[in-house]
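S.K.: So that we are looking at the same thing, I have put the structure below in structure tokens.
The values are calculated or read from the model by the stated rules, or taken from the named source; none is laboratory data. It should be emphasised that the depicted structure is a prediction, and the values quoted were computed from it without experimental measurement. Backbone-built Cβ (ideal geometry, glycine too); neighbour counts: all protein chains shown. For accessibility, only protein heavy atoms count, side chains too; no ligands or nucleic acids. Shrake-Rupley method; radii C 1.70, N 1.55, O 1.52, S 1.80 Å.
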Amino acid sequence: MDEQEFLIDAFERDEPALRRLPVPGGRGDRARVLRSYMNVAEAAPGGDFLRVQDAFLSRQREARGVVDAESLPRAPLDRRLSLWQGDITRLKCDAIVNAANSALLGCRAPCHSCIDNAIHTAAGMQLREACRAIIRAQGHEEPTGRTQITPGYNLPARFVLHTVGPIISGPLTGNDRALLASCYRACLRKAAENGLCSVAFCCISTGVFRFPADIAARIAVDTVRAELDAGSSVGHVIFDVFGDRDYAIYAPLLGL
């Protein structure tokens, strides 16, 4: 039995209902079955599960290729900033930012393409338990515009900063803009409080939360610059984009 089969069998023994879970693309692809189970399961099975999971995710991480944030070119307009297009789960830096939902437990849609799903999958089941402990301790869901920090577990990044961006359901308001700025500010302040020097941001709220991407990028860059100018101990901020559209939006803001 290989690692994938071991992990799938462990989930099915622990939560038999997972056997009936519809898997996007069908159950013939074991990688998608395992990812679906990791997205949906409430907790990691016991026994040797975490040991085998960590070994499997470590090999997956190396296969994807780790990108050292310190090797990235700096922006001409501000040497404290970088722009990188790629999978944020590949970045080796002090912390990456997760655009979380208010439950803070990861995207629970099997194999969904959002960053929350990708980060929780690559980090492993320990990340959900760490986030659950935060919610349990504070006694309520995570408010918009704040941040929480957890270890990165099987990610190349040492930590994950979880922030809930504003959800846009009508015309964009001044409060929406202020809440998005608060996400960036809160992440940098939490990073500084924990002695972190490099932070990689995703495009917070611009996916299913529907914040206009061009306005969000301007808020992101302006807020980060202002916070760094105010004396933050964070020395390197990476704006991570996945698609060509977002790269084209960020590039001129950074002089690229």
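S.K.: How large is the charge dipole for the chain, taken about the Cα centre, if only the Cβ atoms of Lys, Arg (+1) and Asp, Glu (-1) carry charge, to the nearest 20 debye?
M.R.: Result for the chain is approximately 260 debye, rounded to the nearest 20.
S.K.: When only the heavy atoms of the protein chains count and the probe is 1.4 Å, how do 208, 221 rank by accessible area, highest first?
M.R.: Ranked list, largest accessible area first: 208, 221.
S.K.: Simple spin-label model, 7 Å along Cα-to-Cβ: residue 229 to residue 244 in nm?
M.R.: Rounded to a tenth, the inter-label distance reads 3.4 nm.
S.K.: Another one. Please work out the FRET efficiency for the pair residue 43 and residue 74, using the Cβ-Cβ distance as r and a Förster radius of 41 Å; give the result to the nearest 0.05.
M.R.: According to the calculation, E is roughly 0.50.
S.K.: In whole Hz and in residue order, list the ³J(HN,Hα) couplings for the stretch 205-221 that follow from phi through the Karplus curve 6.51 cos²θ - 1.76 cosθ + 1.60, θ = phi - 60°; x for Gly and Pro.
M.R.: Going residue by residue, I get 6, 8, x, 5, 7, 6, 6, x, 5, 5, 5, 4, 5, 4, 4, 4, 5 Hz, with x marking Gly and Pro.
S.K.: Classify the stretch 113-235 as rounded, prolate or oblate from the Cα gyration tensor: take a ≥ b ≥ c as the square roots of its eigenvalues, call it rounded if a/c is under 1.5, otherwise prolate when a/b beats b/c and oblate if not.
M.R.: Note, shape of the stretch 113-235 comes out oblate.
S.K.: Between the helical axis of 244-253 and the dominant principal axis of the chain, each derived from Cα atoms, what acute angle in degrees is found, rounded to the nearest 10?
M.R.: Long axis of 244-253 versus the principal axis of the chain: about 30 degrees.
S.K.: Further question: Distance between the C-alpha centers of the stretch 65-109 and the stretch 202-216? Whole Å please.
M.R.: Taking the Cα centre of the stretch 202-216 as reference, the centre of the stretch 65-109 is 15 Å away.
S.K.: Angle between the Cα long axis of helix 174-193 and the longest principal axis of the chain, 0 to 90 degrees, nearest 10?
M.R.: It is inclined by approximately 80 degrees.
S.K.: Related question: Heads up, I need the accessible area for residue 153: 1.4 angstrom probe, whole protein in place, Å², nearest 10.
M.R.: 90
S.K.: Would you check the accessible area of residue 205, probe 1.4 Å, heavy atoms only, in square angstrom rounded to 10?
M.R.: We get 10 Å² for residue 205.
S.K.: Evaluate the Kirkwood expression for the hydrodynamic radius of the stretch 16-124, namely the inverse of the mean inverse distance over all pairs of different C-alpha atoms, and round to one decimal in Å.
M.R.: 15.8
S.K.: When DSSP assigns beta bridges and you keep just the ones with both residues in the chain, what percent turn out antiparallel, to the nearest 5?
M.R.: 25
S.K.: So how far apart, in nm, are the two label points at residue 31 and residue 62 if each is 7 Å from Cα heading toward Cβ?
M.R.: The two pseudo-label positions are separated by 1.7 nm.
S.K.: Among 125, 83, 101, whose Cα lies farthest out toward the positive end of the dipole of the stretch 62-130, if unit charges sit on the beta carbon of Lys, Arg (+1) and Asp, Glu (-1)?
M.R.: 83
S.K.: At a probe size of 1.4 Å, how large is the accessible area of residue 71, to the nearest 10 Å²?
M.R.: About 90 Å², ignoring ligands and nucleic acids.
S.K.: Then there's this: Can you figure out the FRET efficiency of residue 178 with residue 135, using R₀ = 30 Å and their beta-carbon distance, to the nearest 0.05?
M.R.: Once the sixth-power term is evaluated, E becomes 0.80.
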